[in-house]
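Just below is one structure, and these are the notes that go with it.
Read-outs: derived from the displayed coordinates by stated rules, not from any lab. Because the structure is predicted, anything quoted here is derived from the model rather than measured. Please note: Cβ atoms are built from the backbone with ideal geometry, for glycine as well, and neighbour counts cover all protein chains shown.
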Amino acid sequence: MITLHNVTKRYGTFKAIQSISLNIKAGEIHGIIGASGAGKSTLLRMMNLLEKPDEGDVIINNKKLNHLKGKEIRHIRQLLGMIFQGYHLVGNKTVFDNVAVALEIAKITKKDRTERVMESLRFVGLETYKDQYPSQLSGGQKQRVAIARAIVNNPKVLLCDEPTSALDSKTTTEILEVLKQINQQFNVTIVIVSHELEVIRSLAERVTVMADGQIYDVVDIEPTGVNKFEKGAAAFVEQLKSGGDTNLS
Ligand SMILES: Nc1ncnc2c1ncn2[C@@H]1O[C@H](COP(=O)(O)OP(=O)(O)OP(=O)(O)O)[C@@H](O)[C@H]1O
Ligand SMILES: [Mg+2]
């Protein structure tokens, strides 16, 4: 579904991403975990070319994204919804209008637009909130609006950057459940960045563990039993959290 091939990203002389290759399979829930500054957000943002790689290729549905022009990139981006820790809602627009924005760009008729927005809001359980403004909502509700906005275009992939990091544990569980449903009901591939082990463990099927702009390991999470993630990567992440030496080189 998404392939990164020898992708490098520099900010000045600093290499935020160092020649990473990674394949996200269609239909999977893929976690990306690592310490602050490891390059998780940069890696995710390269998947929809919000960041352009300095070297290497980003390939989506067999198309090399980094060689496409603006219009073609916008077209491909419609396949990729994105949600963020800080929701990124527009404060002076209603819940309905926040979700409708993505469709206005795609020039869809008003009737279809209304149907699709309401369908998305119903999916996240917020149809009765359509005329409210973001400031009237809780964090969990705001993230639901952001999810509705991200899925209103029927994307193939949902890119999630720390979607639950600002939420309490009960709301986190609810939001993760919504993401799971999106994956199962619509077969949407999900890439989720988090520094929280529990979030990754409860949602992801496969996990990329990052450190210092590189991939430390890609591991499968098995629903039962102790697996490689439990033994190796989890210990590694704990070590990262406690500021231990990562010994990557
Ligand atoms: N626009 C930028 N200009 C300069 N440096 C940047 C920029 N964006 C990111 N970086 C640097 O690149 C590295 C990776 O950043 P990134 O935001 O991808 O990390 P992260 O793993 O998402 O961290 P966090 O868990 O704190 O969100 C960091 O050292 C960061 O300071
Ligand atoms: Mg980040």
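Below, the figures for the structure above:
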item	result
Computed magnitude of the charge dipole of the chain (debye, nearest 20; Cβ of K, R +1, Cβ of D, E -1)	1020
Sorted peptide list for 179-189, 16-26, 33-43, criterion being average Cβ within 10 angstrom, highest first	33-43, 16-26, 179-189
Amide N of region 78-110 lying under 13 Å from the label point, which is placed 7 angstrom from the Cα of Glu119 along Cα→Cβ	109
Spin-label pair Asn23/Gln78, simplified geometry with 7 Å Cα→Cβ offset, distance in nm	2.9
Region 59-128 - charge dipole about Cα centre, Lys and Arg +1 at Cβ, Asp and Glu -1, debye rounded to 20	420
Spatially proximal aspartates and glutamates relative to Lys93 (Cα-Cα < 15 Å; intrachain offsets below 8 disregarded)	Glu104, Asp131
Contour excess over end-to-end distance, with Cα ends at Lys170 and Gln184 and 0.36 nm allotted per residue	2.9 nm
Region 121-193: C-alpha gyration tensor shape, a/c 1.5 cut-off, then a/b vs b/c	oblate
Extension reserve of the Asn66-Asn154 stretch, reckoned as 0.36 nm per residue once the Cα distance is removed	29.4 nm
MRE, 222 nm, helices only [DSSP H, n ≥ 4, -39500 (n - 2.57), over the chain, to nearest 500]	-10500 deg cm²/dmol
Prolate/oblate/rounded label for region 157-217 (Cα gyration tensor, a/c 1.5)	oblate
Gain in span if fully extended, Lys107 to Thr128, counting 0.36 nm per residue against the direct Cα distance	5.0 nm
